[in-house]
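As structure tokens, the structure follows; a few thoughts come after it.
The values are calculated or read from the model by the stated rules, or taken from the named source; none is laboratory data. Please read these numbers as outputs of a predicted model, since none were measured by experiment. We place every Cβ from the backbone using ideal geometry, glycine too, and count neighbours over all the protein chains shown. Ligands, DNA and RNA are stripped out before the accessible areas are found, and what is left, the full protein with its side chains, is counted by its heavy atoms. Shrake-Rupley method; radii C 1.70, N 1.55, O 1.52, S 1.80 Å.
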Amino acid sequence: HLRELIEDVEQLVEVFDSIAGESFVHVRLECLRDNGCVFWHQDTVPLRLVATYRGPCTEYVPPNKSEETLQNRKDNSPHSVSLTHHDVALFK
């Protein structure tokens, strides 16, 4: 399964690079047992690609609900949407 993971990450890096047009792409693989974030926040990077293979999946709120969610800064939101395993999301 390791070779499949490596190939998938390589493909995601190529896709991200073609969209972002960067000469360097930072890749981080993490094993999380919880949601990884204490509260809702706005990223400080211009572009982020996220994929989840196992465990809790990434949650986000639609852009039209982001301001309300950021003001509440709670760990949950009635507007949250969850990705599923192997989904790929690009956040700006």
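Would you work out what percent of the accessible area of the chain, with all protein chains in place, is carbon or sulfur (probe 1.4 Å)? Intermediate results must be reported in sequence, preceding the final value.
On the way: 3910 of 7620 Å².
That fraction is 51 percent.
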Review point. Quick one: Karplus J couplings for segment 6-17, per residue in order, coefficients 6.51, -1.76, 1.60, θ = phi - 60°, nearest Hz, x for Gly and Pro?
Key: 4, 4, 5, 5, 4, 5, 5, 5, 4, 5, 4, 4
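Tell me, which longest segment in the chain has none of the GluC sites (Glu not before Pro) that fall in DSSP loops with at most 12 further Cβ atoms within 10 Å?
On the way: sites that count: GLU22, GLU30.
Result, exposed sites excluded: 31-92.
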Check your understanding: What dipole magnitude, in Debye to the nearest 20, does the chain give about its Cα centre under +1 on Lys/Arg Cβ and -1 on Asp/Glu Cβ?
Key -> 340 debye
Exercise for review: Springs between alpha-carbon atoms under 10 Å, Gaussian network over the chain: tell me which of LEU47, LEU70, LEU29 tops the mean-square fluctuations.
Suggested key: LEU29
Revision key, fill the gap. With every protein chain kept in place and a 1.4 Å probe, segment 1-78 has an accessible area per residue in Å² of 85 Å²
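Rounded to the nearest 0.05, what FRET efficiency do ARG54 and SER23 give with R0 = 30 Å and r taken as the Cβ-Cβ distance? Could you check? Don't jump to the answer; show the numbers that get you there.
Numbers: r = 31 Å, r/R0 = 1.03.
Calculated value: 0.45.
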Practice item. Measure nothing but the geometry: give the 0 to 90° angle between the long axis through the Cα atoms of 63-72 and the longest principal axis through the Cα atoms of the chain, rounded to 10°. Key: 60 degrees
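For Cα pairs less than 8 Å apart in space and 6+ apart in sequence, what is the mean separation divided by the residue count of the chain, i.e. the relative contact order in percent?
Details: 86 pairs, mean separation 28.5, N = 92.
31 percent.
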